[in-house]
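The values are calculated or read from the model by the stated rules, or taken from the named source; none is laboratory data. Keep in mind that what you see is a predicted model, and the values were worked out from it rather than measured. Cβ atoms come from the backbone with ideal geometry, glycine included; neighbour counts cover every protein chain shown.
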Amino acid sequence: MRNDIRLALPSKGRLQQPTLDFLARCGFDVKQSATRSYIGHIPALPQVTVLFQRPRDIVVSVAGGGVDFGITGYDVIADANAGEAAHVLHDALGYGKCRVVIAVPESWEDVRTMAELAAKVRAMAQPLRVVTKYPHLTREFLRTHNVAPFTLIDAEGSLEVVPEIGYADIIVDIAETGATLQQNRLRVIEDGIILHTQASLVANCNSLKRPEVMDVAIEMLEYFEAHQRAEGYFMIWANVRGQSLEDVGRTITLRTTLGGLQGPTIAPIYPNPHSAAANPGAHWFAVNLVVGRHELTDAIEQLRAIGGSGVVVTPATYIFEEQPSRVAALRAFRQSLR
């Protein structure tokens with residue numbers, strides 16, 4: 001029985017650097033060991049050991065209990081079909097977005113839909129040969145659309161060249177823009193999108209029964225959610241002259257459309273007697289609000305219009321909710337494990 005807490009991260013591939021960048025933006029900088037390249041640590045989570053693994057191995061390690069948490073693509077999590085062994089804590093970390101698609105040769109002009117693919121396969125003299133890294137997802141999708149008979153061919157690396165080489169008819173693979181498929185004379189079937197995927201956080205179900213693991217899960221989710229909620233938002237501070245809090249509040253209410261997330265915060269400013277701009281008869285108040293990027297320029301202009309000065313703008317790093325929905329869902333899931 002392990003006493004440590006382990007988090008597996010991608011050691012290679014399209015998610016490797018974006019995962020490190022995302023964790024850093026959330027306050028969880030990863031430091032890699034100088035002597036062992038597959039080991040690391042997170043200063044903000046000193047109780048956690050970081051392991052670097054291939055994206056597909058991460059799901060196997062989490063499901064088997066070798067690690068407690070993993071960040072990898074939702075596509076490999078879904079294809080692993082880990083059942084009750086692994087639980088997805090967050091399926092939309094906001095990066096690594098792509099699709100798992102069925103792509104056929106451009107020369108198959110009579111195949112634009114899954115129904116047309118099924119008809120073509122029924123007329124073929126041999127089973128449809130499908131090369132894929134996603135056997136479970138592919139098998140279920142083809143069966144759902146009555147495509148039969150077919151043979152799955154497991155492969156790694158670039159699959160786009162396989163139909164041209166000749167040992168498969170079509171491919172099932174991930175695609176972002178589809179440009180690589182087009183370069184290899186392949187075309188995505190119109191209704192052949194099996195799955196929309198992006199980076200996700202998954203946990204071992206048994207590990208979540210340990211209070212210390214649960215605490216780490218909640219902390220990661222809190223900061224992930226708070227950072228994602230803050231993306232695209234800015235905090236504005238401005239000094240506004242007025243007779244009282246109520247006077248400034250009325251000015252903002254009647255002469256602007258400023259609202260922010262929950263309305264502006266207004267607080268008195270303690271006068272600085274050494275300031276060259278000090279005026280014994282002046283009353284200054286600090287106005288603070290949070291606005292989206294599309295509202296920023298207009299908010300600054302409206303503050304200036306009511307006499308605002310010394311306007312300071314900074315990106316919001318975190319916006320914490322009372323309890324994020326995914327944290328609430330995790331607490332409910334843990335209760336079901338007892």
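Descriptive notes on the structure:
- Test for residue 201: is it closer than 30 Å to residue 144 by Cα, touching a Pro at 6+ places or on another chain (Cβ under 7 Å) and buried (at least 18 other Cβ atoms within 10 Å of the Cβ): no
- First in the stretch 245-270 and modelled with pLDDT of 80 or more, second anywhere and β-branched (Val, Ile, Thr) and assigned to a helix (DSSP H, G or I), Cβ under 8 Å, 6 or more apart: 258/252; 264/252; 266/248; 266/252
- Positions within the stretch 319-338 being surrounded by 16 or more Cβ atoms within 10 Å (Cβ to Cβ) and in a loop (DSSP other than H, G, I, E, B), in sequence order: 319, 324
- Residue pairs meeting the criteria (Cβ under 7 Å; at least 6 apart or on separate chains; first without any contact (Cβ under 8 Å) to a residue 60 or more places away in the chain and surrounded by 15 or more Cβ atoms within 10 Å (Cβ to Cβ), in the stretch 166-185; second assigned to a loop (DSSP other than H, G, I, E, B) and not acidic (Asp, Glu)): 184/161
- Any hit, the stretch 44-57, residues being among the aromatic types (Phe, Trp, Tyr), touching a residue at least 12 places away in the same chain (Cβ under 8 Å) and in a strand (DSSP E or B): yes
- Residues that are of a type in the set (Asp, Glu) and part of a loop (DSSP other than H, G, I, E, B) within the stretch 227-263 comprise just one, 231.
- Test: residue in the stretch 139-147 that is surrounded by fewer than 16 Cβ atoms within 10 Å (Cβ to Cβ), modelled with pLDDT of 95 or more and outside any helix (DSSP H, G or I): yes
- When 75, 91, 68 are screened for being under 22 Å from residue 221 (Cα atoms), at pLDDT 95 or above and either touching a Gly at 6+ places or on another chain (Cβ under 8 Å) or surrounded by fewer than 17 Cβ atoms within 10 Å (Cβ to Cβ) (or both), only 91 passes.
- Qualifying residue in the stretch 269-283 (condition: crowded, with 18+ Cβ neighbours inside 10 Å and among the aliphatic types (A, V, I, L, M)): no
- The lone exception for residue 58 - which of (1) in contact with a strand residue (DSSP E or B) (Cβ under 9 Å, 6 or more places away or on another chain); (2) under 18 Å from residue 326 (Cβ atoms) it fails: (2)
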